Amino acid sequence: MKKAIGAIIAVTFLFLGIMGYFYQYMQKDIIYPNITVNDLEVGEMSKESAKLFLQEKQNFKSIIFRYKDKEYKYNLNDLGFVMDYDKAMNDAFGIGRSGSLFVDFKTLISLKYFNKKQNVILSQTENLPKLMEEVAKINSDIYAEPKDASISIENNYAITPEIVGQKLDLPELEKLIEANLKPNEDIVITLPIKTVVPNLTAEKLQHINGKLGEFSTSFNRGLTGRTENIKVATGTVNSTILMPGDEFSFNKKTGDRGLTDGYKEASVIINGKYEKGVAGGVCQVSTTLYNAALYAGLDITRRQNHSIPAAYVSIGRDAAVVSGDFDLRFKNPYEYPVLIKGYVSGNRIFFQIHGDINQKKSIQLSSETISRIPKRIIYRNDPTLPTGKQVVEEPGRDEIRSVTYMTVNGERKIINRDRYPGKTEIVRKGTGPAEHVPNLPSNTESGAQDSDDAEDIAINN
């Protein structure tokens, strides 16, 4: 009996001794043994010593980009590529220190005496967007602007070849960075370069070898504002190349057409009346281009007639344009590009469409008035005018309907049916005392005068 009691006492003291030893060990300010961070042994180290150890063994260094004989070096830490050492140390130090004596004792036993390793992952922050932002700046050294091929109509369709450009292939570079991004070593990457082929190549221009269609109209050079507007708009459209299937938009090409865009004030038609406005004359440019496009066999996709027939072109063959509203649009139906050439010479606007002469069509245009409804006249008595005298307060005009035909390779078809609305004429009729002036004819005056050189920029009637 005494021996049994002695054995129990001995075992108890041994257990208490062991518990005391481990409890004392657990009070040490060190990471428990067999604990690793990123598979690097940090056991038996203080948090501070382990942090210094990891900073030496696990860290981002530099990334070096090479292009020909140039190098671009960046410190990754400066760009936000960092390791979270403090979190890793706290996580490692916390293993076996849950707060439950039994659980912690069990964990320590497994670590110290049974070599049960536990690994902590060292988390890292990668600021790839910041790196790519810096790398994009290298493009200023590498980028070469592509240049379209050009063609000279004046020099017998001589072609100047295109210039192929180059730039950084940023998506490919990002993939290379992600694949090679490793701690503890400088990363060296050869910059991937992407060639930039211009839209217009010499090969595409080879089929511009002849004139498909042309048209011209005349204008009054004495109207300086209108003349300047015609020159600006024509110059903007000049040298436009339309690829197969592409659509040309006059409004898109010429833009806002305001005073700040180089346009001047000139006569325009607003709500059927002639007034001062900006960019008067532009509709004559669009009309001239419209007829050239018709003669060249281009596909007209949008066109609007004026409210008043234009004096510079046959009825039914005008094309009104208004920014944000009426537009002239057409597509290139050919399998090769076409070139629009426009210029002003003397008092005439010229437009030519050049393309593959082998695809040239035989095209004739004609138009005719099919009906005319006389204008309505309203007389208003005016006692301030002597009897027998009349004054036109607002001039009117007849309503006209027209049809335009196109004959293509001998086949005739109608392309336009237009209506030019009439306008009521207002006449003041004198009812006052008669004038006693012998041998003088009755006097008729017009309060407004139609102008051959006015433009219709608002078709509202």
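The values are calculated or read from the model by the stated rules, or taken from the named source; none is laboratory data. Since we're looking at a predicted model, the values are computed, not measured. Positions of Cβ are backbone-derived with ideal geometry, glycine not excepted, and every protein chain shown enters the neighbour counts. Keep in mind that these areas ignore ligands, DNA and RNA; they rest on the heavy atoms of the full protein, side chains included. Shrake-Rupley method; radii C 1.70, N 1.55, O 1.52, S 1.80 Å.
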DSSP-assigned coil residues among trypsin sites (Lys or Arg not before Pro) in segment 105-151, each with at most 12 further Cβ atoms within 10 Å = Lys116, Lys137
Charge-dipole axis of segment 373-430 as Lys and Arg at +1 and Asp and Glu at -1 on Cβ define it, positive-most pick from Gly430, Asn409, Pro383 | Asn409
Sort all Cα-Cα distances of segment 221-270 into consecutive 5 angstrom bins from zero, then give the percent of pairs in each bin up to the one containing the longest distance.
-> 4, 18, 25, 22, 15, 9, 5, 2, 0
Over the alpha carbons of segment 364-415, what is the largest minus smallest coordinate on each principal axis, giving the biggest first in Å?
-> 63, 14, 14
Greater than 25 Å apart at Cα, pairs in Lys147/Lys341; Lys389/Lys423; Lys51/Lys137 | Lys51/Lys137
Give me the percent of the accessible area of the chain that comes from carbon and sulfur atoms, probe 1.4 Å, all protein chains in place.
-> 49 percent
Computed Rg/Rh for segment 120-183 (Cα atoms; Rh = Kirkwood radius) stands at 1.34
Calculate how large, on average over all directions, the projected area of the Cα convex hull of segment 312-394 is; give the answer in nm² to one decimal.
-> 11.8 nm²
Taking the Cα centre of the chain as origin, work out the dipole magnitude from +1 charges on Lys and Arg Cβ and -1 charges on Asp and Glu Cβ, in debye rounded to 20.
-> 940 debye
Enumerate the whole-percent occupancy of each 5 Å bin, from 0 to the last occupied one, for all C-alpha pair distances of segment 129-284.
-> 1, 7, 11, 11, 11, 10, 10, 10, 8, 7, 6, 4, 2, 2, 1, 0, 0
The chain: DSSP helices with Cα axial extent of at least 27 Å and average Kyte-Doolittle hydropathy no lower than 1.6 = none
Give the residues of segment 26-51 whose amide nitrogen is closer than 12 Å to a point set 7 Å from the Cα of Lys57 in the direction of its Cβ.
-> 34-45, 50-51
Karplus ³J(HN,Hα) for segment 339-354 (6.51 cos²θ - 1.76 cosθ + 1.60, θ = phi - 60°; Hz, whole; x = Gly/Pro) runs 10, 9, 10, x, 7, 10, 9, x, 10, 10, 9, 10, 10, 10, 10, 10
Per residue, what volume in Å³ does the convex hull of the Cα atoms of the chain enclose?
-> 323 Å³
Tyr290 neighbourhood, Cβ < 12 Å, K/R = +1, D/E = -1, net charge +2
Based on a Kirkwood Rh over C-alpha pairs, give the Stokes-Einstein translational diffusion coefficient of segment 90-217 at 4 °C and viscosity 1.567 mPa s in µm²/s.
-> 60 µm²/s
Kindly state, to the nearest 0.05, the FRET efficiency for Thr407 paired with Lys331, given R0 = 30 Å and r defined as their beta-carbon distance.
-> 0.90
Cα-based equivalent ellipsoid of segment 41-138: semi-axis lengths in Å, sorted from largest, via gyration tensor = 40, 13, 10
Starting from the Cα of Lys57, draw a straight line to each of the aspartates and glutamates and keep only those under 16 Å, dropping any in the same chain fewer than 8 residues away.
-> Asp39, Glu41, Glu48, Asp84, Asp86, Glu185, Asp186
Spatially proximal lysines relative to Lys106 (Cα-Cα < 16 Å; intrachain offsets below 8 disregarded) = Lys116, Lys117
